[in-house]
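Undergrad: Below: one structure in structure tokens.
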Amino acid sequence: MLFPCTRGRKSSREKILDAAAELVAEIGAGRLTLDAVAEKAGLSKGGLLYNFPTKEALLQGMIQRMIDQVTSEKDALREKAEPGPNLEARVVTKTLLNICCGGKMQEFATGMMAATAENPGLLDPVRQVISTTLEQLKANSDDLDAALLGWLATEGLSNLEMHNLSPFSNADRERIVRAIDRVVVKGIAE
């Protein structure tokens with residue numbers, strides 16, 4: 001399971017989304033079929049179509065679930081975060097660093113990028129999240145330059161990692177993460 005969401009018995013919708021995520025990671029979104037998803041989920045095609053009437057609706061559901069899970073992680077981190085400067089930037093950067101590493105996420109991201117190349121509108125909810133994040137950073141940062149720089153650096157690092165393009169060793173990554181934390185917490189020396 002790529003994105004665990006529920007405890008206990010899963011709904012048909014969750015089974016479908018899990019199956020679709022696994023298939024996207026294996027074969028890519030371009031080769032994803034509703035028949036293959038139904039089979040992998042152990043459901044009838046009618047059961048799948050009840051939840052997701054089209055492949056586009058299924059891909060939208062996958063993206064929305066990923067957004068919801070990132071939002072939940074961000075909210076959980078915010079509740080545990082120590083008070084201090086640039087709280088929102090610290091939460092955003094930590095969330096991105098937590099989710100970006102991992103083979104399954106890399107495979108999923110690559111597969112979804114292929115789908116969005118065919119239909120860029122699928123990324124509209126992601127664009128909205130990015131816009132909202134920017135507005136939250138602007139409204140809640142003690143040092144906006146440091147917050148924006150930390151967020152941008154984290155986005156760059158996470159995108160390199162999600163697409164398996166990062167040239168950084170583990171030691172390099174740790175140094176970069178420490179530098180991002182330092183900038184976000186202490187600001188930019190002038």
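Undergrad: Out of all the residues in region 143-190, which are among the basic types (Lys, Arg) and in contact (Cβ under 8 Å) with a residue 24 or more places away in the chain? First the steps, then the outcome.
TA: Filtering region 143-190 down to residues among the basic types (Lys, Arg) leaves 173, 175, 178, 182, 186.
Hit for region 143-190 is LYS186, nothing else.
Undergrad: Hey, could you check region 149-166 for residues that are at pLDDT 90 or above and open to solvent by 40 Å² or more (accessible area, probe 1.4 Å) and say which is farthest from MET113 (Cα to Cα)?
TA: Applying the first criterion (at pLDDT 90 or above) to region 149-166 yields 149-157.
Now narrow it down to the ones that are open to solvent by 40 Å² or more (accessible area, probe 1.4 Å): 149, 152-153, 155.
Details: LEU149: 25, LEU152: 20, ALA153: 21, GLU155: 16 Å.
Within region 149-166, the match that is farthest from MET113 (Cα to Cα) is LEU149.
Undergrad: Looking only at region 26-44, filter to residues that are on the phi < 0 side of the Ramachandran plot and surrounded by fewer than 13 Cβ atoms within 10 Å (Cβ to Cβ); which one of those is modelled with the lowest pLDDT?
TA: So in region 26-44, the residues on the phi < 0 side of the Ramachandran plot come out as 26-27, 29-41, 43-44.
If we keep only those that are surrounded by fewer than 13 Cβ atoms within 10 Å (Cβ to Cβ) too, we end up with 30-31, 33, 35, 44.
Working: GLY30: 80, ARG31: 86, THR33: 93, ASP35: 95, SER44: 94.
This residue is GLY30.
Undergrad: Related question: Which number in (1) open to solvent by less than 50 Å² (accessible area, probe 1.4 Å); (2) modelled with pLDDT of 90 or more; (3) aliphatic (A, V, I, L, M) marks the one condition that MET105 misses?
TA: (2)
Undergrad: Please identify the pairs in which a residue from region 122-134 that is free of Cβ contacts under 8 Å to residues at least 60 places away in the same chain has its Cβ atom under 9 Å from the Cβ atom of a residue that is part of a helix (DSSP H, G or I) and among the hydrophobic types (A, V, I, L, M, F, W, C), counting only partners at least 6 apart or on another chain.
TA: GLN128/ILE67; THR133/VAL92; THR133/TRP151; LEU134/LEU148; LEU134/TRP151
Every residue, every condition in (1) in a loop (DSSP other than H, G, I, E, B); (2) open to solvent by 50 Å² or more (accessible area, probe 1.4 Å); (3) farther than 23 Å from ALA20 by Cα, yes or no:
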site	(1), (2), (3)
GLU82	yes, yes, yes
THR95	no, no, yes
ASN98	no, yes, no
ARG127	no, yes, no
THR132	no, yes, yes
ASP142	yes, yes, yes
PHE168	yes, yes, yes
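Undergrad: Over 21 Å from LEU59 (Cα atoms), at pLDDT below 95 and of a type outside the set (D, E, K, R): is that true of VAL185 in this structure?
TA: Values: over 21 Å from LEU59 (Cα atoms): yes; at pLDDT below 95: yes; of a type outside the set (D, E, K, R): yes.
Criteria met by VAL185.
Undergrad: Ok, one more. Of all residues being open to solvent by less than 40 Å² (accessible area, probe 1.4 Å) and among the β-branched types (Val, Ile, Thr) in region 45-80, which is farthest from the chain's Cα centre (by Cα)? Just the residue, please.
TA: The residue in question is ILE63.
The values are calculated or read from the model by the stated rules, or taken from the named source; none is laboratory data. These numbers come from a predicted model, not from an experiment. Note: ideal-geometry Cβ built from the backbone for every residue, glycine included; neighbour counts use all protein chains shown. Keep in mind that these areas ignore ligands, DNA and RNA; they rest on the heavy atoms of the full protein, side chains included. Shrake-Rupley method; radii C 1.70, N 1.55, O 1.52, S 1.80 Å.
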